[in-house]
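As structure tokens, the structure follows; a few thoughts come after it.
The values are calculated or read from the model by the stated rules, or taken from the named source; none is laboratory data. None of these values were measured; they are calculated from a predicted model. Note that we place each Cβ from the backbone using ideal geometry, even for glycine, and neighbour counts take in every protein chain shown. Keep in mind that these areas ignore ligands, DNA and RNA; they rest on the heavy atoms of the full protein, side chains included. Shrake-Rupley method; radii C 1.70, N 1.55, O 1.52, S 1.80 Å.
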Amino acid sequence: MKPTKLELLAGLFVAIGIAAIAWLTIQLGAGALVGGDTYVIEARFTNTSGLSKGGNVVVAGVPVGRVESIRVDPADFTAIVSLRVLSHLKLPTDTIASIKTTGLIGDKFIAIAPGADETNLKPGDRIVDTESSVDLESLIGKMAFGSVDKGAESEPQQAPASPP
Amino acid sequence: MTDSSEPLLRIESLHKRFDDNIVLAGASLDVPRGSLVTVLGRSGTGKSVLLKCLAGIVTPDAGRIRFDGKDLDASTRADFRRRCSFLFQSNALFDSLTALENVALPLEQTTNLSDAEIRVQSLEALKQLELDAHHDRYPSQLSGGMQKRLALARAIVTKPELVLFDEPTAGLDPLRRNAVFTMILKYQRQFRFTAVVVTHDLDEALIASDRVALLDSGKMLFEGAPTAFTTSTDPVVSSFRDSAAALRESVAALRQTSAAS
Amino acid sequence: MLATLGRPFLRLLGGMGRMACFTVRSFAAVPKTRRLPRRLLRAIFEQGTRCLPVILIVGIFTGLVLGLQGHYVLNRFGSESLLGALVSLSLVRELGPVLAALMLVGQAGSALAAEIGIQRNSEQIAALETMGVSSEGYLVTPRLLAALIVFPMQTALFVLIGLYGGYLSGSAMLGLEPGVYWSAVEKAVEARDLTECFVKAGTFGLITIAMCSYQGFYAHLGHGTGARAVSAATTRAVVLSCVLVLALDDVITSFLLHR
């Protein structure tokens, strides 16, 4: 049976609509939908200000996961961040996690610098060696009052501020 | 009531009121199989409501409707609707569908026939009402008489046993009134359906129908053969029947008073 | 005092109940309705193909203005690189579903309410019933099913053309690096944002088309008769649909955000 004009036009719309939905889900929602198996590790930070749930986790600049959740450890008031990373990525136990910023006030993300240990982190393990986020305001404040050394220590690459 | 067997349709003391307005107060009617029964009555006496109770558009407050020996209720309603068609006063044609699509719709939605069969049967119905040349026109492109015929074509395409006509001649001139009654009679004979016609056109009804009934103030005041109607001595029947004479008298009286003054 | 307050409240309650029953009846009519695919196709054409131009036009302008405004604001903080995130999240989470639904109400919903209202007015609905055809099944069911399919599609198209609009004003006109814009778009939108987007679109489709059908279907119960009843029903359909869209948007957002 030959399709009518109405059938053709309605069919055309449905085709475009499906394509649009598919593009949106695959291209934009891909981060969580596609990408294969993941596992969760934890990292303890003294300060996570600016980091948000869903933030990127990168190794050598390549996104490999997301921030799953951020909560406070009631025992010592540090922040426990759960990171969901791709499972084919085996991270040594002496891996370092640091909170970094894109640009001056851009998004916060977690950069992972894998260590050299023989044993790897298992799901649920905690990264102990961490660098917390730089509190930009206090950094500027310290710079203004001439004692920037401590801030500079905790984030040497990002804020190579020389003492005045 | 001369029939020993039960008539195709029997209405027993139907009651219906809208708020404080009592429309039907115990109306009863027998419609023998194969007959053409006309329900007469002045405007606003509940003739249409009676018909709509039959068609299931209006739910009666009390009373019984028996169709083919069975009480009409929720379980038998579907069967009744398959075997009965309703012709609206306004025709109620689907104005966004062509004539052919209008006729095909009841078949499409209530039968399992194939598209090809539906087309054949619909065209056949249109042909019988001499509308096949206009099958791709929309109802608004047809004349009033053609719309009426189209509505009838849609009503008969399902091969009903009973067709209900709601004021088929309302607002038509005498010539067209005759034509409509002729049409009803002709197709009633041809397709052998039983017809109930609600109208206030006395003369045509008396000539065309097998039985007449007079509905007044919610009750059936008269029910019988047309000849019995013309000889009835009931005051309401005679006043309805002799309305022309009454008009003649009042006109004469008015002429006299205006001549006297 | 109580009576003056109580009566409109009771009427509202009754109306809500009747609309709920009406919607349930329409869905219940799915197995009983014959040749539903054909009717569905027609409804998809009405809500989909016919409304596509308005969706695309409104979508591109929404994206353009988001790009301009976003660039203007972000430029003050030197964070133009976040423009893609701003445009995409606004479109996906809020503006896409809401504006697409409002446009569809304006074009398809109002036409639907008026069409069904006229069919009620000229006894076409009564005629269907006397034929033994479920009028909800014939008139409403295909529209509701179509809405569940079409609204998410239109919303997706709205978002896509909006993203392109944001790119046009942000990159093509204001000189932001296209790669920066698109990578920000891709990074910002997550699966749950899309879930929210499509949950909203589907809900809006169902509720607005149900409202418009309902108002048309019961046009004879409202104020006035004849043409005036139909016009009143159409107005009610459009106004109430728009209010419902915005109110439900708030409800869905708060539910999904706090999960």
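Can you tell me which of C:Gly6, C:Gly63 is of a type outside the set (A, V, I, L, M), open to solvent by less than 50 Å² (accessible area, probe 1.4 Å), modelled with pLDDT under 90 and out of contact with any strand residue (DSSP E or B) (no Cβ under 6 Å at 6 or more places or on another chain)?
Details: C:Gly63 fails: modelled with pLDDT under 90.
Being of a type outside the set (A, V, I, L, M), open to solvent by less than 50 Å² (accessible area, probe 1.4 Å), modelled with pLDDT under 90 and out of contact with any strand residue (DSSP E or B) (no Cβ under 6 Å at 6 or more places or on another chain) holds for just one of C:Gly6, C:Gly63, which is C:Gly6.
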With the structure loaded, tell me whether B:Val196 is of a type in the set (A, V, I, L, M, F, W, C), touching a helix residue (DSSP H, G or I) at 6+ places or on another chain (Cβ under 6 Å) and modelled with pLDDT of 85 or more or whether it fails that test. no
I need the full set of residues from segment C:80-104 which are surrounded by 20 or more Cβ atoms within 10 Å (Cβ to Cβ), of a type in the set (Gly, Ala, Ser) and more than 19 Å from the chain's Cα centre (by Cα), in order please. C:Gly84, C:Ala85, C:Ser88
Scan segment C:37-44 and give yes if some residue there is more than 10 Å from every other protein chain (Cβ to nearest Cβ), part of a helix (DSSP H, G or I), of a type outside the set (Phe, Trp, Tyr) and touching a helix residue (DSSP H, G or I) at 6+ places or on another chain (Cβ under 8 Å), otherwise no. no
Residue that is farthest from B:Arg81 (Cα to Cα) [pool: residues in segment B:142-170 that are under 13 Å from the mean Cα position of the chain (by Cα) and small (Gly, Ala, Ser)]: B:Ala170
Specify which of the listed residues (B:Ser75, B:Ser90) is at the interface with chain C (Cβ under 8 Å from one of its Cβ atoms) and out of contact with any helix residue (DSSP H, G or I) (no Cβ under 8 Å at 6 or more places or on another chain). B:Ser90
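Would it be correct to say that B:Asp173 is within 20 Å of the chain's Cα centre (by Cα), away from chain C (no Cβ under 14 Å) and closer than 27 Å to B:Lys219 by Cβ? Write out each step before concluding.
Details: within 20 Å of the chain's Cα centre (by Cα): yes; away from chain C (no Cβ under 14 Å): yes; closer than 27 Å to B:Lys219 by Cβ: no.
When the stated conditions are applied, B:Asp173 does not pass them.
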Against the conditions (1) farther than 20 Å from B:Lys159 by Cα; (2) over 20 Å from the mean Cα position of the chain (by Cα), where does B:Leu50 fall short? Just the number, please. (2)
Would you check which residues across segment A:22-37 are at pLDDT 70 or above and within 13 Å of chain C (Cβ to nearest Cβ) and list them? A:Ala22, A:Trp23, A:Leu24, A:Thr25, A:Ile26, A:Gln27, A:Leu28
If you go through segment C:168-195, how many residues are among the aliphatic types (A, V, I, L, M) and more than 27 Å from the chain's Cα centre (by Cα)? 6
Residues of segment C:247-257 being among the acidic types (Asp, Glu) and loosely packed, with under 13 Cβ neighbours inside 10 Å, in sequence order, are C:Asp250
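Could you go through segment B:214-224 and let me know if any residue there is part of a helix (DSSP H, G or I) and either modelled with pLDDT of 85 or more or within 30 Å of B:Ala62 (Cα to Cα) (or both). If you could, list the steps in order and put the result at the bottom.
Going through segment B:214-224, the residues part of a helix (DSSP H, G or I) turn out to be none.
No.
Out of C:Val238, C:Val251, I need the residue that is of a type outside the set (D, E, K, R) and in contact (Cβ under 8 Å) with a residue 24 or more places away in the chain. Which one? If you could, list the steps in order and put the result at the bottom.
On the way: C:Val251 fails: in contact (Cβ under 8 Å) with a residue 24 or more places away in the chain.
Residue meeting the stated conditions: C:Val238.
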Meets criteria (at pLDDT below 80, open to solvent by less than 60 Å² (accessible area, probe 1.4 Å), more than 21 Å from A:Lys122 (Cβ to Cβ) and within 14 Å of chain C (Cβ to nearest Cβ)) for A:Gly50: yes
Which listed residue, of C:Leu40, C:Leu56, C:Leu74, is in contact with a Pro (Cβ under 7 Å, 6 or more places away or on another chain), surrounded by fewer than 20 Cβ atoms within 10 Å (Cβ to Cβ) and not β-branched (Val, Ile, Thr): C:Leu40
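This table checks each residue for (1) open to solvent by less than 40 Å² (accessible area, probe 1.4 Å); (2) of a type outside the set (A, V, I, L, M, F, W, C); (3) touching a residue at least 24 places away in the same chain (Cβ under 8 Å); (4) under 28 Å from B:Ile207 (Cβ atoms).
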{"position": "B:Pro7", "(1), (2), (3), (4)": "yes, yes, yes, yes"}
{"position": "B:Ser13", "(1), (2), (3), (4)": "no, yes, yes, no"}
{"position": "B:Arg33", "(1), (2), (3), (4)": "no, yes, yes, yes"}
{"position": "B:Leu51", "(1), (2), (3), (4)": "yes, no, yes, yes"}
{"position": "B:Ala62", "(1), (2), (3), (4)": "no, no, yes, no"}
{"position": "B:Asp68", "(1), (2), (3), (4)": "no, yes, yes, no"}
Identity of the residue in segment C:119-141, open to solvent by 30 Å² or more (accessible area, probe 1.4 Å) and among the acidic types (Asp, Glu), that ends up nearest to the other protein chains (Cβ to nearest Cβ): C:Glu123
Those residues that are more than 18 Å from the chain's Cα centre (by Cα) and open to solvent by less than 50 Å² (accessible area, probe 1.4 Å), I need them from segment C:150-167; list them, please. C:Leu163, C:Gly165, C:Gly166
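Just to verify a result, which residue in segment B:219-245, among those that are of a type in the set (Asp, Glu) and either touching a helix residue (DSSP H, G or I) at 6+ places or on another chain (Cβ under 8 Å) or free of Cβ contacts under 8 Å to residues at least 40 places away in the same chain (or both), is least open to solvent (accessible area, probe 1.4 Å)?
Initially, segment B:219-245 is screened for residues of a type in the set (Asp, Glu), giving B:223, B:234, B:242.
Now drop any that are not either touching a helix residue (DSSP H, G or I) at 6+ places or on another chain (Cβ under 8 Å) or free of Cβ contacts under 8 Å to residues at least 40 places away in the same chain (or both), which leaves B:234, B:242.
Working: B:Asp234: 51, B:Asp242: 68 Å².
This residue is B:Asp234.
Residue-wise test of (1) touching a Gly at 6+ places or on another chain (Cβ under 9 Å); (2) surrounded by fewer than 16 Cβ atoms within 10 Å (Cβ to Cβ); (3) closer than 19 Å to C:Arg143 by Cβ.
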position	(1), (2), (3)
C:Ser183	yes, yes, no
C:Leu194	yes, no, no
C:Cys197	yes, no, no
C:Phe204	no, no, yes
C:Thr208	yes, no, yes
C:Arg228	no, yes, no
C:Ala233	yes, no, yes
C:Ala237	yes, no, yes
C:Val245	no, no, yes
So which residues in segment B:204-218 are surrounded by 16 or more Cβ atoms within 10 Å (Cβ to Cβ) and either of a type in the set (D, E, K, R) or closer than 21 Å to B:Ile22 by Cα (or both), if there are any at all? B:Glu204, B:Asp210, B:Arg211, B:Ala213, B:Leu214, B:Leu215, B:Asp216, B:Gly218
Please find, within segment C:105-118, the residue that is farthest from the other protein chains (Cβ to nearest Cβ) out of those that are of a type outside the set (Gly, Ala, Ser) and open to solvent by less than 40 Å² (accessible area, probe 1.4 Å). C:Val105
Of the conditions (1) closer than 20 Å to C:Leu112 by Cα; (2) surrounded by 15 or more Cβ atoms within 10 Å (Cβ to Cβ), the single one that C:Ser171 does not satisfy is (1)
